[in-house]
Amino acid sequence: MVKKDAHGSDGNKAEGRKVAKRPEIDQGQLDLAARNEPSPVRYEKAGLDGVGIVWIDVPGKKVNTLSVQLMPAFERAFDEMRADTDCRAVVIASGKEAGFIAGADIDDLGEARSAEEGAALSRQGQQSMQRIADAPVPTVAAIHGDCLGGGLELALACTARVAANDPKTKLALPEVMLGLLPGAGGTQRLPQLVGLANALDMMLTGRNIRPHKAQKMGLVDEVVPRSQLIEAARAAAVRLSQGKPARAGKPPKKKMPDEVQSLLLERNALGRKLVLHEARKKVMKQSKGVYPAPLRILDVADGGGYDGEARAFGELLMSKESAGLRHLFHCITALKKDNGPHTEGVAAVPVNRAGMLGAGLMGAGIATVLADKGVPVRLKDRDHESITKALDYARKVYGKARKRKQYSQAGFDERLARISGGTDMAGFGRADIVIEAVFESLDLKRKMIADVEAAAKVPTIFATNTSSLPIAEIARDAAHPERVIGMHFFSPVEKMPLVEVIVTDQTAPWVTATTVAVARKMGKHVIVVGDCAGFYTTRVLTPYMSEAIFLLLEGYAIEDIDEAAIRIGFPVGPVTLMDEVGIDVGAKVMEVMEKYYGGRMEFPDGTTKPFIEEGRLGRKASKGFYLYENGKSTIERGKKLVDETIYDHLPNGKHTRKPNLGEMGERMVLALVNEAVTCLEEGILFEPMAGDLGAVMGIGFPPFEGGPFRYVDRFGAQNIVTRLTALESRCGRRFKPCAMLVGMASEGALFHEGQGAG
Ligand code: NAI
């Protein structure tokens with residue numbers, strides 16, 4: 001791994017802030033494409049209006065991506081444009097229905113072997129964009145659908161941008177999510193167009209900007225209906241060629257406060273410093289400084305110039321954090337095509353109606369997302385009050401989306417109208433899928449299957465959202481066990497990105513394929529796993545959480561245990577998580593897990609029982625490990641306060657131990673990693689990528705580590721086994737390394753090709 005240069009050189013900063021030095025163009029680098037292939041970029045000669053069009057349409061791909069091969073084709077199209085004597089302006093548009101350009105080709109990035117090679121890739125991108133910026137005629141980007149990363153950087157290099165007012169249109173610089181920064185001039189051009197504060201927000205969060213917001217902030221010049229996009233872009237090009245502004249009519253009114261703010265903050269050196277200082281403070285608070293990319297973005301935005309951008313890009317490309325995040329991206333892409341075991345050639349059945357048993361926290365969330373995606377849902381609960389609450393939940397979620405202008409009042413009404421409910425099984429007979437989220441009780445869940453089978457008039461799938469019970473046991477008395485499957489959601493359902501689908505030996509492939517399709521329709525990443533108590537995610541979370549309790553029993557302070565996990569990169573510590581999930585809920589899961597794994601795993605004995613007895617259930621009861629007032633954390637000097645009375649129940653009382661955060665964190669993370677590999681060894685995981693994605697998306701395993709399997713690859717199985725064995729002798733048999741890890745250590749094997757130390 002290449003060591004990173006902390007803040008860019010002084011010479012770099014001296015390049016000046018407003019006008020960064022422009023990259024030089026190396027003609028030789030641009031002419032790489034094989035000339036015989038159909039060109040991904042085509043020039044359409046100028047019409048009577050003097051406007052030529054450069055069409056981007058990468059053959060054989062659903063979306064356009066910017067690759068090393070594409071840029072020379074772009075150059076050739078531009079050469080044709082230069083030779084077209086009728087051309088007074090040019091529109092750059094996509095020939096793909098899916099969108100403009102979805103970003104740079106991530107495979108190109110994997111080719112770089114050093115920071116210098118990474119920087120050279122960035123410079124190549126900068127040069128290509130610079131050629132667009134230096135075009136002899138005005139250029140207009142006609143944007144619809146995805147305009148992301150390198151796609152947006154290309155649009156930024158144009159003279160103007162026109163965007164389609166379509167729900168699918170989104171503009172973003174999401175490089176930070178891959179541990180990188182925009183490396184084709186974006187860090188320099190974006191602040192000039194939308195101001196430093198807006199640019200930093202986009203680059204540091206990677207957030208999607210919708211068309212109207214984009215127009216308001218000056219990112220696009222005009223927003224038009226999708227059907228008029230090319231015509232509007234042409235018209236803008238004509239106006240520019242006549243020396244007029246891109247947009248016809250008056251410029252849109254900017255809100256006064258924005259103007260004042262930008263005047264005060266961004267048009268003077270002190271103001272800019274303040275914006276950068278505040279952004280850095282926020283980054284440190286949110287990421288605890290464990291992600292280098294946001295910090296490098298701030299460095300580069302602070303006068304780094306094009307050269308600073310390229311060097312920072314190269315360094316980040318070599319960072320372990322970017323490698324982990326890119327690995328995760330690779331898992332997401334690969335698993336999108338995986339519908340579960342024996343599903344090859346098996347089609348998903350259309351799901352036109354869904355039933356939802358239990359309208360509690362999970363039921364309400366699941367129904368809300370289903371209806372949002374166009375599936376009518378019938379809810380059933382024991383009482384009408386629960387149904388009303390679930391409808392209120394949906395109303396709140398849709399209301400927020402409507403406020404963000406994601407849809408209109410009609411869209412809001414339409415979604416809400418898709419949810420109905422009652423206390424009987426009316427409407428369940430014709431449901432293609434019934435999702436069950438009643439209490440975590442085996443008997444109750446079995447009864448739910450019987451009820452659904454009695455009501456069914458069509459072959460209904462029964463998908464249970466249990467968090468720990470084995471699916472085969474829930475299906476034990478089912479008349480149709482082949483239609484029973486696990487569908488494990490995470491709370492809050494509308495926000496959490498993962499669904500874990502659990503198949504038993506009896507689950508029919510069409511049921512698996514259909515359930516996976518439903519989860520994807522709900523916008524979720526899906527992992528398909530085998531059946532056992534806790535499946536994959538709950539199973540790996542359990543040793544991590546119980547290790548936190550062991551630490552508590554040994555006398556470590558609550559905030560130190562959380563801090564140890566956060567230092568590793570977990571978004572919240574395990575004790576905070578217990579308060580959030582509910583101490584009683586956690587205890588119930590732990591009980592199930594102890595029943596099934598007590599012979600092998602060690603569990604802390606009844607620690608939480610006295611907490612539950614005194615009504616200490618976590619945030620929901622405003623009484624937990626931490627202090628709450630009306631469900632809100634009590635904060636002092638930016639820190640959550642611990643409820644010190646909890647120590648009365650612990651063996652050491654208030655005499656907490658001096659923390660060793662490194663060792664505490666290692667104990668928690670290795671307990672998790674060992675269990676993850678055990679799941680693969682036992683065939684609960686069908687392959688390691690699902691284990692990586694599931695741990696990151698489901699339970700907050702540090703994303704920059706790329707998941708537990710990549711974690712093993714990075715440190716080496718041998719190293720992990722040595723560390724586990726040392727912990728086993730110090731702490732107990734729960735750290736005994738599993739057989740697969742030991743085998744891999746002796747063979748020096750990796751879970752993922754091309755990974756390993758770095
Ligand atoms: P909850 O207590 O909020 O909701 C359960 C609902 O089921 C209640 O509204 C209850 O009235 C209803 N119910 C009980 N008996 C019923 C019956 N015979 N017919 C219809 N409805 C009935 O619980 P929550 O948190 O929604 O959990 C539900 C299930 O989801 C449990 O199995 C839980 O383990 C699982 N789960 C929970 C997660 C969480 O974070 N809360 C995450 C993943 C799974």
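Values in this text are rule-based calculations from the coordinates and carry no lab data. Because the structure is a prediction, the values reported are computed rather than measured. As a convention, Cβ positions derive from the backbone with ideal geometry for all residues, glycine included, and neighbour counts pool all protein chains shown.
Rg over Rh for region 154-217 works out to 0.93, using Cα positions for both radii and the Kirkwood form for Rh. Just the Cα atoms of region 529-653, one point each, no solvent: what log10 I(q)/I(0) does Debye give at q = 0.12 Å⁻¹? For region 529-653 at q = 0.12 Å⁻¹, log10 I(q)/I(0) is -0.44. Between S729 and A83, full extension at 0.36 nm per residue minus the direct alpha carbon distance yields a gain of 225.0 nm. The relative contact order of the chain comes to 10 percent, based on Cα pairs under 8 Å that sit 6 or more residues apart.
Using DSSP to call loops (not H, G, I, E or B), can you name the trypsin sites (Lys or Arg not before Pro) in region 594-628 whose Cβ has at most 16 other Cβ atoms within 10 angstrom? Answer by residue number: R600. For I419, the residues 5 or more places off, or on other chains, whose built amide H falls under 5 Å of its own are V377.
Annotation: amide H-H contacts under 5 Å for V91 (H modelled 1.01 Å from N, sequence separation of 5 or more, or interchain): G52, I53, V54, V140.
For region 354-535, the fraction of alpha-carbon pairs lying more than 31 Å apart is 10 percent, rounded to a whole number.
Across all Cα atoms of region 433-553, the radius of gyration (one decimal) and Dmax (whole number) stand at 14.8, 54 Å. By the Stokes-Einstein formula, at 1.567 mPa s and 4 °C, region 654-742 with its Kirkwood radius over alpha-carbon pairs has D equal to 95 µm²/s.
The value of relative contact order for region 354-535, using C-alpha pairs under 8 Å at least six residues apart, is 20 percent. Percent of C-alpha pairs per 20 Å bin in the chain, short distances first: 15, 44, 34, 7, 0. Here K595 is the anchor, and the lysines within straight C-alpha reach of less than 25 Å, apart from those fewer than 8 places off in the same chain, are K445, K447, K609, K736.
Considering only DSSP beta bridges whose two residues both sit in the chain, what percent are antiparallel, to the nearest 5? Around 25 percent antiparallel, to the nearest 5.
Report the far tail of the P(r) of region 31-318, meaning the percent of Cα-Cα pairs longer than 24 Å. Cα-Cα pairs of region 31-318 separated by over 24 Å account for 50 percent.
Taking each residue as 0.36 nm, the span from A347 to R226 lengthens on full extension beyond its C-alpha to C-alpha distance by 40.3 nm. Counting other Cβ atoms within 10 Å, which chymotrypsin sites (Phe, Trp or Tyr not before Pro) in region 362-441 have at most 14 and lie in a DSSP loop? For chymotrypsin sites (Phe, Trp or Tyr not before Pro) across region 362-441 that sit outside H, G, I, E and B with at most 14 neighbouring Cβ atoms in 10 Å, the list reads F439. Using C-alpha pairs below 8 Å separated by at least 6 residues, the relative contact order for region 78-166 is 39 percent. The fewest-to-most ranking of H144, H330 by surrounding Cβ atoms within 10 Å reads H330, H144. Restriction of the GluC sites (Glu not before Pro) in region 438-483 to DSSP coil positions whose beta-carbon has at most 14 other beta-carbons within 10 angstrom yields no sites.
At 0.36 nm per residue, and after removing the present C-alpha to C-alpha distance, how many nm does the segment from K658 to M284 gain when stretched out fully?
Gain on extension, K658 to M284, equals 132.1 nm.
Taking amide H atoms as placed 1.01 Å from N in the peptide plane, the amide H of Y556 lies under 5 Å from those of R657, each 5 or more residues away in sequence or on another chain. Evaluated on region 581-624, the Kirkwood hydrodynamic radius is 11.0 Å, with distances taken between all distinct Cα atoms. In plain terms, the residue of D105, D383, D307 with the fewest other Cβ atoms within 10 Å comes first and the most crowded comes last, giving D383, D105, D307.
Starting with the fewest neighbours, write out F313, F709, F686 ranked by other beta-carbon atoms found within 10 Å of each beta-carbon.
So the ranking, lowest neighbour count to highest, is F686, F709, F313.
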